1. Could you list, in sequence order, all residues of the stretch 75-123 that are over 17 Å from Gly34 (Cα atoms), part of a loop (DSSP other than H, G, I, E, B) and of a type outside the set (D, E, K, R)?
2. If Met117 meets every condition in (1) buried (at least 16 other Cβ atoms within 10 Å of the Cβ); (2) closer than 22 Å to Gly11 by Cα; (3) not small (Gly, Ala, Ser) apart from one, which number is that one?
3. Which residue out of Ser83, Ser112 is buried (at least 16 other Cβ atoms within 10 Å of the Cβ), on the phi < 0 side of the Ramachandran plot and polar (S, T, N, Q)?
4. Tell me which helices (runs of 4 or more DSSP H) are completely within the stretch 1-66 and hold 1 or more residues being under 25 Å from Leu86 (Cα atoms) and either touching a residue at least 12 places away in the same chain (Cβ under 8 Å) or in contact with an Asp or Glu (Cβ under 7 Å, 6 or more places away or on another chain) (or both), or say none if there are none.
5. Here is a check on your reading of the model: is Thr72 of a type in the set (S, T, N, Q), more than 19 Å from Val27 (Cα to Cα), within 17 Å of the chain's Cα centre (by Cα) and at pLDDT 95 or above?
6. Of everything in the stretch 17-37 that's in contact with a helix residue (DSSP H, G or I) (Cβ under 7 Å, 6 or more places away or on another chain) and closer than 14 Å to Asp66 by Cβ, which residue is surrounded by the fewest Cβ atoms within 10 Å (Cβ to Cβ)?
Amino acid sequence: MATVGEIMSTGLVTVDASLPLTEAAKVMNERSVGAVLVLAGDRVGGILTERDVLRAVALGEVEDADVAAYMTPGPETVEPSDSTSLAASVMIHGGFRHLPVVAAGKPVGIVSIRDLMRVVLDDETPRGA
């Protein structure tokens, strides 16, 4: 069984909690990511996802909002040595699609449900098939 460290993305995209939500959404769009980590010093203080941005849009609160107002504070995390099945279980039971990966309490990656599906499916199916 694969470990989280073998499949996680290490090109972390981070933002500050005080950043305007619109700026965070621009960063997410420019980097083509569905989630960004919000750091508190050198630790994970929160996570902001596409769903969070969509919620702000639906409530009509985008213009004056900052990241802190819509991020999930203190998200669950996994470690690089954890199994992919543990990560999948945490995501399924928590109802989310992105999970920060930490080592010694510091962020080292992020794993998505898509990353986990690649392990399950071996990524053999061609696009458009």
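1. Once the filter is applied, which keeps residues that are over 17 Å from Gly34 (Cα atoms), part of a loop (DSSP other than H, G, I, E, B) and of a type outside the set (D, E, K, R), the stretch 75-123 yields Pro80, Ser81, Ala104, Gly105.
2. (1)
3. Values: Ser83 fails: buried (at least 16 other Cβ atoms within 10 Å of the Cβ).
None of the others qualify; the one that does is Ser112.
4. Helices (runs of 4 or more DSSP H) meeting the threshold: 4-7, 50-58.
5. Considered against the rule, which asks whether it is of a type in the set (S, T, N, Q), more than 19 Å from Val27 (Cα to Cα), within 17 Å of the chain's Cα centre (by Cα) and at pLDDT 95 or above, Thr72 comes out as no.
6. Looking at residues that are in contact with a helix residue (DSSP H, G or I) (Cβ under 7 Å, 6 or more places away or on another chain) and closer than 14 Å to Asp66 by Cβ, I get Ser18.
The values are calculated or read from the model by the stated rules, or taken from the named source; none is laboratory data. This is a predicted model, so every value here is computed, not measured. Here the Cβ is made from the backbone with ideal geometry for all residues, glycine too, and neighbour counts use every protein chain on show.
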